[in-house]
1. Using only Cα atoms and rounding to the nearest 10 degrees, what angle (0 to 90) does helix 7-18 make with the longest principal axis of the chain?
2. Give the carbon-plus-sulfur fraction of the accessible surface of the chain in %, rounded to a whole number; probe 1.4 Å, heavy atoms of protein chains only.
3. Expressed in nm to one decimal, what extension gain is obtained for the pair Ile349 and Asp260 from 0.36 nm per residue of sequence separation less their Cα-Cα distance?
4. Select from Gln14, Gly177, Val238 the residue farthest towards the positive end of the dipole of the chain; place +1 on Cβ of Lys and Arg, -1 on Cβ of Asp and Glu, and compute about the Cα centre.
5. Is the shape of the range 121-268 best called rounded, prolate or oblate, per the rule: a/c under 1.5 gives rounded, else a/b larger than b/c gives prolate, else oblate, with a ≥ b ≥ c the square roots of the Cα gyration tensor eigenvalues?
6. Which percent of the Cα-Cα distances in the range 34-107 go past 14 Å?
7. Can you give the accessible area per residue of the range 222-265, in Å², using a 1.4 Å probe?
8. Largest first, what is the accessible-area ranking of Cys30, Cys310 with a 1.4 Å probe?
Amino acid sequence: MTANPPSRIAQLRQASVAMLDGLTPAQQRCQSHPELSPMLWHVGHVLFMETYWLAERVFGDTSVTNAWRDLYVPELAAKDERSARLPEAPDLRRWASQIAEQNDAYWQHARNVDHPLLADGYLAAFVRQHYAQHLETMRLVRTQLALAEYTPAPTAIEAESPDTVFETVGAHVVDIGTATIDAYDNEQPVFTAYPDTFDIAPRCVTNAQWLGFIEAGGYQNADWWDDAGWAWRESAQVEHPQHWHALENGWFIPKPESADIAQAPVHGIGWYEARAYARYAGARLPRELEWEAARRAGVLSGVGQVWEWCADAFYPYPGFCAFPYDGYSMPWFDGGHFVARGASLHSEIEIRRPGFRNFYPPTHRHIHAGLRLAYT
């Protein structure tokens, strides 16, 4: 059996450790959002998990993982308890360097080892994706930290109506899922779908269009919300995307991703908000299979700027088999997590494939997710 060379993994390790750069010791240790861990924890966690799967699971070496298991295994350390237990950044950097040297040696040794996890480069792909996903999360941590540093000033933006332009995808046959070795268990097995004809917007809803929703009373009109979404909105007192600030003379939208912030895809919204907007627009969210079919048909513009909420709760494909452990996907087939597709500006190349499935609770708003409209 073979293992891929560690060059890309080394790059991802270095990028992960570099996420500490430019942050104060307090920021490195800060839990910037209830759903995010401190930056120090993420850096330690990704290195720990590489070591767990490679050194412990393949070679039986627990010398590193036993010492740090209670901190870096998520189920064993609650998010709000991690900060006080973390090492200082200089110590973590030294430890990271030691782990990198050890694991590079194990990757080289793995070239000559017969183990199911190493077959066809599976483990290397799995580890690369784990680093990639946490790098995105670490960028979200930095975004949340930056929100506290901005001095709000009005952003030049005027409200716009929803798009009325759409692309028609005719009824056809399409293979759904990912057949390559880097696929997660929830992307497999690949199956054949037969979507009916549907219409889908060629671009995502923009900031200017979301402002139109706000000005039309989108956060005050219960008719556009389902009961659970409206109860959440009232309880949380949500009235705009997570990172927007209402000013006396307009809105402040921090860190524009483009020169034309009005036309940039809106983000900072949860699934409940996305579905309310779709109803306001006389549309709906795309079903997950429709989204992938449209993506594979090449009719979606701007994919990869924001995660795009789909209508579906996260579910197993026909014939699903958990691998390499039950806990990656199975716990989230609970009806309370909803699919987001397409990647974001924060995403690494490893998770930008058409079949990749992200999933979150409907209240998550810090994840750089927006929406694209579909029509029946």
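1. Once rounded, one gets 70 degrees.
2. Numbers: 8170 of 15890 Å².
That fraction is 51 percent.
3. On the way: separation 89, 0.36 × 89 = 32.04 nm, distance 2.50 nm.
Working it through step by step, the gained length comes to 29.5 nm.
4. Gln14
5. Working: a/c = 2.04, a/b = 1.38, b/c = 1.48.
Judged from the Cα gyration tensor, the range 121-268 comes out oblate (a/c at least 1.5, b/c at or above a/b).
6. Working: 1588 of 2701 pairs.
Value for the range 34-107: 59 percent of Cα pairs lie more than 14 Å apart.
7. Numbers: 2460 Å² over 44 residues.
The answer is 56 Å² per residue.
8. On the way: Cys30 50, Cys310 0 Å².
Listed by decreasing accessible area, they come as Cys30, Cys310.
The values are calculated or read from the model by the stated rules, or taken from the named source; none is laboratory data. No experiment lies behind these values; they were computed from the predicted model shown. FYI the Cβ positions are ideal-geometry reconstructions off the backbone, even for glycines, and counts take in every protein chain you see. Note: areas computed on protein heavy atoms with side chains; ligands, DNA, RNA excluded. Shrake-Rupley method; radii C 1.70, N 1.55, O 1.52, S 1.80 Å.
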